[in-house]
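This report refers to the structure that appears directly beneath it.
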Amino acid sequence: MAIRTIYLARHAEAGQDGALTLAGRQQASLLGERLRGAALSAVYVSPVPRAVQTAELLTSQLPGVPSQQLDLVGDYPPPAGHADLPPGYARVVDSYSAQERAEGARLAAAAIERFTQPGPDDSRELIITHNFLIGWFVRDALGAPDWRWLGLNQCNAALSVIRYQSGLPPGLVSFNDMDHLPAPLRWTGFPAQLRG
């Protein structure tokens with residue numbers, strides 16, 4: 001039975017201008033080193049500059065692994081609904097226009113369809129994306145309500161891994177793993193009040 005493994009990495013730390021900071025460049029390089037032995041079959045990248053720059057640094061350490069930019073893994077709000085949202089989460093959702101929310105719902109559904117179905121052969125794919133979409137994939141793997149991607153936070157250049165196998169529920173292998181980062185490069189992009 002074929003197993004599809006997706007590695008989800010949040011882009012490295014970026015500054016106000018959208019370019020990676022020095023710390024972000026180091027994070028991306030260290031993530032590339034960590035993934036050298038993962039036998040990746042492909043890398044998919046958000047078209048947002050901070051993700052593209054992360055991918056450039058990371059894939060320079062993964063010779064022969066094809067890389068492709070995809071809008072499906074861009075920076076957008078997945079579906080949330082409003083029925084049971086805590087007020088703080090409702091404010092986040094309301095900060096997006098109805099059009100942005102509709103487009104986000106369409107892209108999020110397409111991303112799940114595209115990346116969660118096992119193929120005929122084993123595969124290992126890296127997706128370099130953004131906090132919200134990683135939360136969406138993790139929420140889906142756990143069978144949680146649509147809105148539950150809210151509050152699932154990932155650090156910059158952290159790694160989450162999900163395995164998909166026919167006939168079995170998805171398996172969350174790891175979440176927000178920062179073992180490849182030294183202490184000074186950890187916890188960036190994470191809410192300050194939640195940092196370990």
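Miscellaneous remarks
- Those residues of the stretch 150-196 which are open to solvent by less than 60 Å² (accessible area, probe 1.4 Å) and on the phi > 0 side of the Ramachandran plot, in sequence order: GLY151, ALA157, ASN176, GLY189
- In the stretch 38-149, counting only helices (runs of 4 or more DSSP H) that sit wholly within it, the ones holding 2 or more residues that are in contact with a helix residue (DSSP H, G or I) (Cβ under 7 Å, 6 or more places away or on another chain) and either within 16 Å of VAL161 (Cβ to Cβ) or open to solvent by less than 10 Å² (accessible area, probe 1.4 Å) (or both) span 49-59, 98-115, 131-142.
- Remark: pairs (first residue in the stretch 145-160, free of Cβ contacts under 8 Å to residues at least 40 places away in the same chain; second residue surrounded by fewer than 24 Cβ atoms within 10 Å (Cβ to Cβ); Cβ separation under 6 Å; 6+ apart in sequence or on different chains) = ARG148/ARG139; LEU152/GLY135; LEU152/VAL138.
- Only one of SER60, SER95, SER46 that is under 19 Å from the mean Cα position of the chain (by Cα) and of a type in the set (S, T, N, Q): SER46
- For GLN26, the conditions (1) part of a loop (DSSP other than H, G, I, E, B); (2) at pLDDT 95 or above; (3) open to solvent by 80 Å² or more (accessible area, probe 1.4 Å) are fulfilled apart from (1).
- Scan the stretch 137-165 for residues that are closer than 21 Å to LEU40 by Cβ and over 12 Å from the mean Cα position of the chain (by Cα) and the total you get is 4.
- Test: VAL138 is among the β-branched types (Val, Ile, Thr) and touching a strand residue (DSSP E or B) at 6+ places or on another chain (Cβ under 7 Å): yes
- Filtered by the rule that a residue be touching a residue at least 12 places away in the same chain (Cβ under 8 Å), more than 18 Å from ILE134 (Cα to Cα) and not in a loop (DSSP other than H, G, I, E, B), the stretch 5-23 gives LEU20, ALA23.
The values are calculated or read from the model by the stated rules, or taken from the named source; none is laboratory data. These numbers were taken from a predicted model, which means no experiment stands behind them. For neighbour counting, all protein chains shown are included, and Cβ atoms are generated from backbone atoms with ideal geometry for every residue, glycine included. These area figures cover heavy atoms from the full protein model, side chains too; ligands, DNA and RNA do not enter into them. Shrake-Rupley method; radii C 1.70, N 1.55, O 1.52, S 1.80 Å.
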